[in-house]
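K.L.:
One structure, pasted below without further comment.
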Amino acid sequence: MILLAALVLGLPAGWGLARWQGRQYRAPDLKYLWLIPAAFAPQLVVAYWPATRELLPPPAAAAALPVSLVAFLAFVWLNRGLPGMPVLLVGLVLNLVVLAANGGWMPISPETASQLPGGSAPEAAVLEMRIGEKDILLRPEDTRLELLSDRFLLPDWIGYRAAFSLGDMFVAAGAFWLLASPPRAPNPNRRENAHI
Amino acid sequence: MNKKLAQLIFLSNRINRQHVQLVVVILSLAMLILGIGAPSDGGGPTRGRLVGGV
């Protein structure tokens, strides 16, 4: 949920910039929008919808996130010309790589997880247990590409505890950039000007 | 009069379409970053279920 802050901040930033430049704010011209719900569907089943989280057998559930991210990768690649999308693409690839390297889930260490709301002491942690939506509890020494795992914590002064990865930072920056750099409205006089 | 009414309807349709488009894009982007990102904001190691060997 912390990533939604990028949207919440990016939208007024883009709107304010458009107003300052004396033009109307417009949504980014995203193509192949239908790919997003299609790519999100596997995650809805295995991660977000409580009623279906337990339905799939573990191997199928573990495959769902990487498959979903590959579909998102297609969408982001098709829209790579938009501002912020290359940054978003970097974040997606980083998260996809670490997920694929760790059995389809985002690794988080017992020490980091213990600092989240509801977390128990690291020594009481049950390894390889799913926590949250997409994370799996792994010791750092058992984690592949540990640098890309959910190893960062929001600072205390924010008052909200969340762990995130390097890829998440790129995703947030890309989403903010995308919304804060809205496309310019097509100039109705462009054709006339072309003759000048 | 009819022309003005038609212009008004055209304008309101245009504004509505832009607003609807913006809402659709924002919702899609929310889904996109929720799908791409993988932060954890709670739960601790006591929730969820065991996953097969990594």
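K.L.:
For the stretch A:2-180, what is the relative contact order in percent, using Cα pairs closer than 8 Å and at least 6 residues apart in sequence?
P.N.:
Result for the stretch A:2-180 is 29 percent.
K.L.:
On to the next question. Based on the Cβ-Cβ distance from B:L8 to A:E123, what FRET efficiency comes out when R0 is 45 Å, to the nearest 0.05?
P.N.:
Once rounded, the FRET efficiency stands at 0.05.
K.L.:
So, in nm, how far is label A:W77 from label A:R19 when the simple model puts each one 7 Å beyond its Cα toward the Cβ?
P.N.:
4.0
K.L.:
At a probe radius of 1.4 Å, what is the per-residue accessible area of A:T143, in Å² to the nearest 10?
P.N.:
Per-residue accessible area (A:T143): approximately 20 Å².
K.L.:
Now, a different point. Relative to the longest principal Cα axis of chain A, at what angle does helix A:4-20 sit, 0 to 90 degrees, rounded to 10?
P.N.:
With rounding to tens, the tilt is 10 degrees.
K.L.:
Residues of A:20-30, mean number of Cβ from any other protein chain within 10 Å of their own Cβ, rounded to a whole number?
P.N.:
Per-residue shielding by partner chains comes out at 3.
K.L.:
Right, here's the next one. With Rg and the Kirkwood Rh both taken from Cα atoms, where does Rg over Rh land for chain A?
P.N.:
1.06
K.L.:
Related question: Would you rank A:F170, A:F72 by solvent-accessible area, highest first, keeping every protein chain in place and using a 1.4 Å probe?
P.N.:
Most to least solvent-accessible, the answer reads A:F170, A:F72.
K.L.:
Rounded to the nearest 500 deg cm²/dmol, what is the calculated helix-only ellipticity per residue at 222 nm for the protein assembly as shown, with -39500 (n - 2.57) per DSSP H run of length n ≥ 4?
P.N.:
-16000 deg cm²/dmol
K.L.:
Right, something else. Using the alpha-carbon atoms, what tilt in degrees (0 to 90, nearest 10) does helix A:85-101 show relative to the longest principal axis of chain A?
P.N.:
20
K.L.:
Here is a follow-up. On a 0 to 90 degree scale, rounded to 10, what angle separates helix A:58-78 from the longest Cα axis of chain A?
P.N.:
It works out to around 20 degrees.
K.L.:
Given a 1.4 Å probe and the protein chains all in place, what does the accessible area of A:R144 round to, in Å² to the nearest 10?
P.N.:
Rounded to the nearest 10, the figure is 130 Å².
K.L.:
Run the numbers for A:M1 and A:A60: contour at 0.36 nm per residue of separation, minus the present Cα-Cα distance, in nm.
P.N.:
18.8 nm
K.L.:
Continuing with the same structure: Show me A:11-21, B:30-40 ranked by packing, highest mean number of other Cβ atoms within 10 Å first.
P.N.:
Listed from highest to lowest mean packing, they are B:30-40, A:11-21.
K.L.:
Please list B:K3, A:K134 from largest to smallest accessible area, probe radius 1.4 Å, with all protein chains kept in place.
P.N.:
In descending accessible area the options line up as B:K3, A:K134.
K.L.:
Carbon and sulfur atoms: what percent of the 1.4 Å accessible area of the protein assembly as shown do they account for?
P.N.:
Carbon with sulfur: 67 percent of the solvent-accessible area.
K.L.:
Please give the average number of partner chain Cβ atoms lying within 10 Å of the Cβ of each residue in A:34-42, rounded to a whole number.
P.N.:
3
K.L.:
Rounded, prolate or oblate, given the Cα gyration tensor of the stretch A:1-103, with a/c below 1.5 counting as rounded?
P.N.:
It comes out prolate by the Cα gyration axes.
The values are calculated or read from the model by the stated rules, or taken from the named source; none is laboratory data. Fair warning: this is a prediction, and the values are worked out from it, not measured in the lab. Neighbour counts are summed over all protein chains in view; Cβ atoms, including those assigned to glycine, are modelled from backbone coordinates with ideal geometry. Side chains included, ligands, DNA and RNA excluded: accessible areas come from the protein's heavy atoms. Shrake-Rupley method; radii C 1.70, N 1.55, O 1.52, S 1.80 Å.
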